[in-house]
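Chemist: For reference, the structure I am asking about is given below.
The values are calculated or read from the model by the stated rules, or taken from the named source; none is laboratory data. Predicted model only: the values in this text are computed from it and were never measured. Every residue, glycine among them, receives a Cβ derived from its backbone with ideal geometry; neighbour counts consider all protein chains shown.
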Amino acid sequence: MALPSIIHRLELQLADIDRSRYETLQTTVARHPSETAERLVARLLAYALFHEEGLLFTKGVGAGDEPDLWAKGPDGRLLLWIEVGLPEPERLIKSARHSERVALLACGSALGTWERQQLPKLAGVKNLTVMTLDQGFMNRLAALVGRTISWEMTITEATLYLQVAGESLETVVTVRSGA
């Protein structure tokens with residue numbers, strides 16, 4: 001018998017000063033039994049960092065042909081394709097041909113190796129943005145994740161400030177490629 005997904009509810013007070021976005025967001029996200037808390041945190045952070053109208057979580061880990069998040073236009077065209085983790089460059093290149101914009105929140109224990117080996121292969125992809133956050137920040141945040149998640153997030157001058165579970169966390173948002 002397969003284990004069921006765990007449902008998490010996020011309430012996010014977002015003040016993205018860099019993009020002039022100020023919103024209160026509420027969403028529900030399913031965490032696949034094989035998904036780590038760190039990967040779930042990466043998906044939630046990507047949701048906040050790239051938030052725009054119509055951004056949705058996909059089936060994620062359970063659907064290999066879908067990104068972690070996406071936004072589609074009213075005509076079904078892909079407007080934004082978002083991945084988290086360390087995907088193969090070919091996957092990002094292919095998605096860039098089918099979507100107006102592609103974003104990657106690159107994270108994981110092998111990030112340094114991935115950047116050296118794979119990032120140069122993505123240099124010519126004009127509609128791709130690759131961002132990273134400090135892995136220690138993400139690990140600390142993963143340790144604080146429960147079924148109900150309440151975040152107060154401010155992003156200003158490429159620094160992310162987060163209030164969660166009575167703690168104040170901070171990290172730099174580093175753009176490795178793209179705008």
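Chemist: If I filter the range 71-84 for residues that are touching an Asp or Glu at 6+ places or on another chain (Cβ under 8 Å) and of a type in the set (Gly, Ala, Ser), do I get at least one hit?
Modeler: Yes, the range 71-84 contains a residue that is touching an Asp or Glu at 6+ places or on another chain (Cβ under 8 Å) and of a type in the set (Gly, Ala, Ser).
Chemist: Please name all residue pairs, on different chains or six or more residues apart, with Cβ atoms under 9 Å, provided the first residue is in the range 76-95 and is acidic (Asp, Glu) and the second residue is buried (at least 16 other Cβ atoms within 10 Å of the Cβ) and part of a strand (DSSP E or B).
Modeler: So the pair list comes out as 83/69; 83/102; 83/103; 83/104; 83/105; 83/106.
Chemist: Follow-up. Answer yes or no: is there a residue in the range 64-81 that is farther than 23 Å from residue 24 by Cβ, modelled with pLDDT under 95, part of a helix (DSSP H, G or I) and within 16 Å of the chain's Cα centre (by Cα).
Modeler: Looking for residues that are farther than 23 Å from residue 24 by Cβ, modelled with pLDDT under 95, part of a helix (DSSP H, G or I) and within 16 Å of the chain's Cα centre (by Cα), one finds none in the range 64-81, hence no.
Chemist: I've got another one for you. Condition check: at pLDDT 95 or above and over 25 Å from residue 15 (Cβ atoms). Does residue 152 satisfy that?
Modeler: When the stated conditions are applied, residue 152 does not pass them.
Chemist: Search the range 53-95 for residues being acidic (Asp, Glu) and in contact with a helix residue (DSSP H, G or I) (Cβ under 9 Å, 6 or more places away or on another chain), and hand back the single one that is farthest from residue 154 (Cα to Cα).
Modeler: 90
Chemist: Could you check residue 160 against (1) closer than 19 Å to residue 21 by Cβ; (2) surrounded by fewer than 17 Cβ atoms within 10 Å (Cβ to Cβ) and say which number it fails?
Modeler: Among (1) closer than 19 Å to residue 21 by Cβ; (2) surrounded by fewer than 17 Cβ atoms within 10 Å (Cβ to Cβ), the lone unmet condition for residue 160 is (2).
Chemist: When you look at residue 139, is it over 23 Å from residue 12 (Cα atoms), of a type in the set (S, T, N, Q) and in contact (Cβ under 8 Å) with a residue 24 or more places away in the chain, yes or no?
Modeler: When the stated conditions are applied, residue 139 does not pass them.
Chemist: Out of the residues in the range 27-56 that are in contact with a Ser or Thr (Cβ under 7 Å, 6 or more places away or on another chain) and surrounded by fewer than 19 Cβ atoms within 10 Å (Cβ to Cβ), state the one that is farthest from residue 110 (Cα to Cα).
Modeler: Per the criteria, the residue is 30.
Chemist: From 150, 168, which residue is farther than 16 Å from residue 41 by Cβ and in a strand (DSSP E or B)?
Modeler: 168
Chemist: Hey, among 77, 101, which residue is of a type in the set (Lys, Arg), surrounded by 18 or more Cβ atoms within 10 Å (Cβ to Cβ) and on the phi < 0 side of the Ramachandran plot?
Modeler: Step by step, each of 77, 101 is checked, and only 101 is of a type in the set (Lys, Arg), surrounded by 18 or more Cβ atoms within 10 Å (Cβ to Cβ) and on the phi < 0 side of the Ramachandran plot.
Chemist: I've got another one for you. Kindly provide the set of residues from the range 109-124 that are part of a loop (DSSP other than H, G, I, E, B) and without any contact (Cβ under 8 Å) to a residue 40 or more places away in the chain, ordered by number.
Modeler: Listed by number, the residues that qualify are 109, 110, 124.
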